[in-house]
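Asker: Questions regarding the structure given below will be posed in turn.
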Amino acid sequence: MEVRPTAGSCWRPEGKPDRLPATYHRDQGVQHLLAAYDLEEDKLYAHMKPRKRWQEFMQFLRYLRAKYNGKLYLVLDNFSPHKKAEILEYARENDLELVFLPTNASWLNRIECEFTAVRKFALQNSNYATKKEQASAIRKYIFWRNRHSKDQKLVEIKKRNQVG
């Protein structure tokens, strides 16, 4: 993700459209979102990194390993840092099962749906001044999302129980 004005939609008074700058400077580089989705708990975990190499991925794996006990299954795309020898060795030693998706099959990975929401709620219709500001918006959305994910499930369960 780069820091740049991103169009979106919002309610504005008639005749006063929401305007974004026509030009911007790419002087801040990009930042990468490393993320994991816990299906059972319906939680999203993410780290923002300036680079996307195997070293940053290893840091994220260590974070996940510290968070969970027992065997951990990770669904991954075929990005080359995921298959680095050091990563595979760490996975073997730490009871991590790396499950690689077929090429061009990202739609099989449940986390892709979560990225759509991150784009919609943290990036669309934005004009962040810095990478730090953009990362903060993403973290705020993820915090809000994780805090309210169980709330919605409880509402659905209660509705089902009232009907039956």
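Asker: Would you say Gln59 is in contact with a strand residue (DSSP E or B) (Cβ under 9 Å, 6 or more places away or on another chain) and modelled with pLDDT of 90 or more?
Answerer: On the way: in contact with a strand residue (DSSP E or B) (Cβ under 9 Å, 6 or more places away or on another chain): yes; modelled with pLDDT of 90 or more: yes.
When the stated conditions are applied, Gln59 passes them.
Asker: Can you tell me which residue within the range 134-164, out of those that are charged (D, E, K, R) and at pLDDT 90 or above, is farthest from the chain's Cα centre (by Cα)?
Answerer: Of the range 134-164, the ones charged (D, E, K, R) are 139-140, 145, 147, 150-151, 153, 156, 158-160.
With at pLDDT 90 or above added as a condition, the list becomes 139-140, 145, 147.
Numbers: Arg139: 9, Lys140: 12, Arg145: 11, Arg147: 15 Å.
Among those that are charged (D, E, K, R) and at pLDDT 90 or above, it is Arg147.
Asker: Answer yes or no as to whether Ala129 is modelled with pLDDT under 90 and either within 24 Å of Val30 (Cβ to Cβ) or assigned to a strand (DSSP E or B) (or both). So that I can check it myself, show each step before the final result.
Answerer: Details: modelled with pLDDT under 90: yes; either within 24 Å of Val30 (Cβ to Cβ) or assigned to a strand (DSSP E or B) (or both): yes.
It is true that Ala129 is modelled with pLDDT under 90 and either within 24 Å of Val30 (Cβ to Cβ) or assigned to a strand (DSSP E or B) (or both).
The values are calculated or read from the model by the stated rules, or taken from the named source; none is laboratory data. Worth saying up front: this structure is predicted, and the values here are computed from it rather than measured. Every residue, glycine among them, receives a Cβ derived from its backbone with ideal geometry; neighbour counts consider all protein chains shown.
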